[in-house]
1. Take the chain, connect every pair of alpha-carbon atoms lying under 10 Å apart with a spring to form a Gaussian network, then pick out the residue of G292, G192, G338 with the largest mean-square fluctuation.
2. Under the rule a/c < 1.5 gives rounded, and otherwise a/b versus b/c splits prolate from oblate, where does region 17-216 land using the Cα gyration tensor?
3. What would the Debye equation give as log₁₀ I(q)/I(0) for the chain at q = 0.07, 0.09, 0.12 Å⁻¹, counting only Cα atoms as equal point scatterers?
4. How far, in degrees from 0 to 90, does helix 105-124 lean away from the longest principal axis of the Cα atoms of the chain, to the nearest 10?
5. Keeping the other protein chains in place, figure out the carbon and sulfur percent of the accessible area of the chain, with a 1.4 Å probe.
6. Please find, in a Gaussian network model of the chain (springs between Cα atoms separated by less than 10 Å), the residue of S301, S277, S290 whose mean-square fluctuation is greatest.
7. For the Cα atoms of the chain, what angle does the longest principal axis make with the long axis of helix 17-31, in degrees from 0 to 90, nearest 10?
8. Are there GluC sites (Glu not before Pro) in region 248-327 that DSSP puts in a loop and that have at most 14 other Cβ atoms within 10 Å, and which ones?
Amino acid sequence: EAAGGKALPCAVDVRDEEQISDAVKKAVERFGGIDVLVNNASAISLTSTLETPTKRVDLMMNVNTRGTFLTSKACIPYLKKSKIAHILNLSPPLNLNPMWFKQHCAYTIAKYGMSMCVLGMAEEFKGEIAVNALWPKTAIHTAAMDMLGGSGIESQCRKVDIIADAAYSIFKKPKSFTGNFLVDENILREEGINNFDIYAIKPGHPLLPDFFLDEHPDTIVKKVESRGALPELKEEKSQQPPKPPSGAVAETFRIVKDFLSDDVVKATQAIYLFELSGEDGGTWFLDLKSKGGNVGYGEPSEQADVVMSMSTDDFVKMFSGKLKPTMAFMSGKLKIKGNMSLAIKLEKLMNQMNAKL
């Protein structure tokens with residue numbers, strides 16, 4: 001309103017059909033109709049199949065897929081009367097690369113449900129309503145990113161402005177522009193924009209690629225999964241040799257052990273288990289619960305709070321600061337099971353260690 005527009009804020013749970021209907025009716029009464037619907041509401045849980053509680057599955061399906069469908073359904077009768085009717089779903093291009101399913105199957109299905117609404121409704125209402133999807137090429141700084149990436153993640157993100165500008169460029173197009181799965185940077189380039197530093201939280205800083213796009217924007221992650229979608233599990237053995245292997249991993253843990261102190265343990269209070277594949281791989285642990293802390297080869301004496309699976313090369317890069325844990329996780333190089341907040345604590349600890357590693 002300060003910018004000259006008019007607004008009607010409505011608190012709506014998109015899982016509730018009656019609340020959706022009431023909000024749509026209020027909007028029509030206030031503004032005389034509906035020209036544009038943006039389905040942005042979304043729930044996220046980046047957890048594997050066995051780690052995803054049923055209530056989380058239901059939340060993601062009901063908010064993302066069902067919520068998008070019901071809200072579109074409620075608005076379509078009014079959109080049909082508009083000369084500039086648009087539905088825009090904030091959802092990814094449909095990409096059946098298994099790497100986008102293996103780590104968070106339920107979330108991917110829920111987001112792809114939104115994209116399938118685009119596929120179906122664009123054809124169903126062709127000539128009447130433009131129906132498209134928009135997705136960011138790189139991570140956008142939102143509350144969700146702060147939750148997933150922790151403090152400092154914003155430097156690897158772009159501002160929400162890039163999504164707003166991309167959406168506006170879509171809404172200027174005719175109804176015949178429909179059934180498209182659009183990426184923010186690509187459509188803005190078509191608008192003649194070439195300087196994307198204006199959208200960066202920290203211009204010049206490497207950006208996190210977003211999910212579901214095989215072609216990543218920066219060279220750090222262009223070769224993601226080039227060695228295959230899964231780490232080699234053939235090396236798993238029931239009995240680990242008592243003596244740890246030598247090499248870069250062992251040296252990294254030696255330096256980490258020298259760094260440990262009662263203060264570090266007190267600030268962290270977690271046990272981390274690392275399942276490393278490749279040369280010098282195996283199972284290692286970092287105990288930041290016991291007095292003074294400890295590291296070792298094999299299983300810890302107590303159950304781990306966080307289990308991290310990755311290659312030995314990426315492990316060394318991660319601890320030496322050459323690979324951000326958040327970037328490794330989002331690009332599929334790092335798989336995490338357990339307490340995510342404790343995983344984020346480890347990232348902060350790594351930042352302190354980087355100078356010595």
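1. In the Gaussian network model the winner is G192.
2. oblate
3. Calculated log10 I(q)/I(0) at the listed q: -0.37, -0.59, -0.94.
4. Taking Cα atoms only, the helix is inclined about 20 degrees.
5. Roughly 52 percent of what the probe reaches on the chain is carbon or sulfur.
6. S301
7. That helix lies at roughly 50 degrees to the long axis.
8. Answer in residue order: E279, E302.
The values are calculated or read from the model by the stated rules, or taken from the named source; none is laboratory data. Since the structure is predicted, the reported quantities are computational estimates derived from the model, not experimental observations. Because the Cβ atoms are built from the backbone with ideal geometry, glycine has one as well, and the counts that use them run over all protein chains shown. In case anyone asks, the SASA skips ligands and DNA or RNA and just uses the protein heavy atoms, side chains included. Shrake-Rupley method; radii C 1.70, N 1.55, O 1.52, S 1.80 Å.
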